[in-house]
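Just below is one structure, and these are the notes that go with it.
The numbers here are math on the coordinates, done by the rules we state, and not lab data. Because the structure is a prediction, the values reported are computed rather than measured. Neighbour counts are summed over all protein chains in view; Cβ atoms, including those assigned to glycine, are modelled from backbone coordinates with ideal geometry.
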Amino acid sequence: MTILQEYQEYKESIKNHRMLFSKWDNVSDKIKIKIFLLLLKLLNFLFPKSNLHRLEKSIKFYLGLIDINTDDWNPQQKPQLFLYFGLPSRPWYEPDDYDVFKIVRDILEEGAEDIKSEYLMNIHNKSNFLIPVLDPKEPSAYEYLTDIELTPSQIKNDWLRIDLWGGGEFTEEARYLFPKTVKILSKLESFMDPFEEDVIYVLKPESFLPPHHDAANNYIGCHLGLIIPENCGFRVGSETRSWTEGKTLFFDQSFEHEVWNRSQKERVVLSVQLRHPELSKFENFLYKLFRKLFGNKPHLL
């Protein structure tokens, strides 16, 4: 497959997701989006160093209003809902790459033992708050947000989650069962993406997640290893790494990635979604406004 063919296939995938976004059938919303794009153009003219042209281009591409030069696109990077142009295109990041990552690393690694002990303290009660991420018999929100394709060997309880943060706030379960974890994560609240979710993921023994791309590239994933048995791995792009208990990993989930646990024990990580550090406060504010005006739920945008 040529790069042009791959791009056309990716563009069609974005279009299919957009067609499911039913709010665009509303005439008033179509008028509002035109006004919003005009506002972006004006603000970009008034503040040329604000990089708002990146957001304008990204929204127009999402809506199918423009095409792009394939030279500006990395074929390894295929976010399934929203491609934010002008950001670095790298599968893995190091903590020293950005000051934000250093802060996140230091806070999470310092609090790793408290987070792990709190999880272990609640493990006897986990059936009450651990929920399946994927269900082979019934499509889940995660399957809509990504291009993951389940295999016949996968079962409902292979991959489980504990929701800690979503919709810009901590969950009731997190506040009640994981107060130390919430206190630690509260220190990072200004860095966390308000439209994404922070969770504890449990991958069962002899389980795996097939290769897939996540929803967007304007946030960076961070994993903190909590319980990491041997024979666990994590490939993002062409590079494979593994977790270490008490240590962080930073990566871009819009690249193809897959996960496996070939051990006889559960693998447990804390997953935190961070605003991309190269986005300005102005960009984050206007993107947040866009999401609130035209659908702030992940499955809508």
Charge dipole (the chain, unit charges on Cβ, about Cα centre) - positive-most of Ser238, Gln80, Leu270 | Gln80
A chain fully extended from Leu4 to Ser28 at 0.36 nm per residue, minus the present Cα-Cα distance, gains in nm 5.1 nm
Determine which residues of the range 80-120 fall in the zone a paramagnetic label at Lys11 would reach in this model, i.e. backbone nitrogen under 19 Å from the point 7 Å along Cα→Cβ.
-> 80-86
What is the packing order of peptides 261-269, 114-122, taking the mean over residues of other C-beta atoms within 10 Å and listing the highest first?
-> 261-269, 114-122
Folded to 0 to 90 degrees: helix 27-46 orientation relative to the chain principal axis, Cα = 80 degrees
Distance from the range 192-259 to the range 51-74 (C-alpha centre basis), Å | 27 Å
Sorted peptide list for 178-188, 27-37, 214-224, criterion being average Cβ within 10 angstrom, highest first = 214-224, 178-188, 27-37
Kindly state, to the nearest 0.05, the FRET efficiency for Ile131 paired with Ser242, given R0 = 25 Å and r defined as their beta-carbon distance.
-> 0.45
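Which length gain, in nm to one decimal place, applies between Asn157 and Leu39 when the Cα-Cα distance is subtracted from 0.36 nm times their residue separation?
Taking Asn157 through Leu39 to full extension adds about 37.8 nm, to one decimal.
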How many angstrom separate the Cα center of the range 116-130 from the Cα center of the range 88-110?
-> 28 Å
Computed about the Cα centre, the charge dipole of the chain from +1 Lys/Arg and -1 Asp/Glu charges at the Cβ has a magnitude in debye, to the nearest 20, of 960 debye
Please give the length that would be gained between Asn284 and Ser186 if that part of the chain were fully extended, namely 0.36 nm times their separation in residues minus their C-alpha to C-alpha distance (nm, one decimal).
-> 33.4 nm
Largest to smallest principal axis extent of the C-alpha atoms in the chain, angstrom | 54, 41, 36
Relative packing of peptides 246-257, 54-65 - highest average C-beta neighbours within 10 Å first = 246-257, 54-65
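Determine the relative contact order of the chain: mean sequence separation of Cα pairs under 8 Å and six or more apart, normalised by residue count, in whole percent. Show your work: numbers first, answer last.
Working: 514 pairs, mean separation 64.5, N = 301.
Reported as a whole number, the value is 21 percent.
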